[in-house]
Amino acid sequence: QQGDDALIQVSQAFKQVLNRSSDCVARYGGEEFGFILPNTTTEGAQLVAQRIHDEVLKLELAHEKSTVSEFITVSIGIISYIPTPDDEMESAVALADSALYQAKSDGRNRS
């Protein structure tokens, strides 16, 4: 129950950050979310990621088992991707997943 409540609060923080009707967020896996920010530069995506970090930290949701912070934090993998007609969506997902795990291995609570 506590984990579900945290996911709800974090997802509400995401919605506060995403202010364009074209921006999209969806839960992807247990505690992973995917964002699509059309017509956004890499720098713009990094700004959105920083705002997400800030909003999640403001929630001050306790995370007793974390070695990074006493509160829940997020790790964010960012890619800039312009698909071609021959591309499969799995390619973008794999790149984003790789960027996420890089952020986690770099120390978590990062983009």
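Read-outs throughout are calculated quantities, based only on the coordinates presented, and are distinct from any laboratory measurement. Since this is a predicted model, take the numbers as computed values, not measurements. Reconstructed Cβ throughout: ideal geometry from the backbone, glycine too, with neighbour counts over all protein chains shown.
Which one of the conditions (1) over 19 Å from Val10 (Cβ atoms); (2) in a loop (DSSP other than H, G, I, E, B) does Glu43 fail to meet, given that it meets all the rest?
The number of the failed condition is (2).
Select, from Ser11, Ser21, Ser80, the only residue that is among the small types (Gly, Ala, Ser), exposed (fewer than 10 other Cβ atoms within 10 Å of the Cβ) and either under 16 Å from the mean Cα position of the chain (by Cα) or outside any helix (DSSP H, G or I) (or both).
Residue meeting the stated conditions: Ser21.
Looking only at the range 29-63, how many residues end up being surrounded by 16 or more Cβ atoms within 10 Å (Cβ to Cβ) and touching a Phe, Trp or Tyr at 6+ places or on another chain (Cβ under 7 Å)?
Number of matching residues: 5.
From the list Ile79, Ile52, Ile36, which residue is in contact with a strand residue (DSSP E or B) (Cβ under 7 Å, 6 or more places away or on another chain) and of a type in the set (Val, Ile, Thr)?
Ile36
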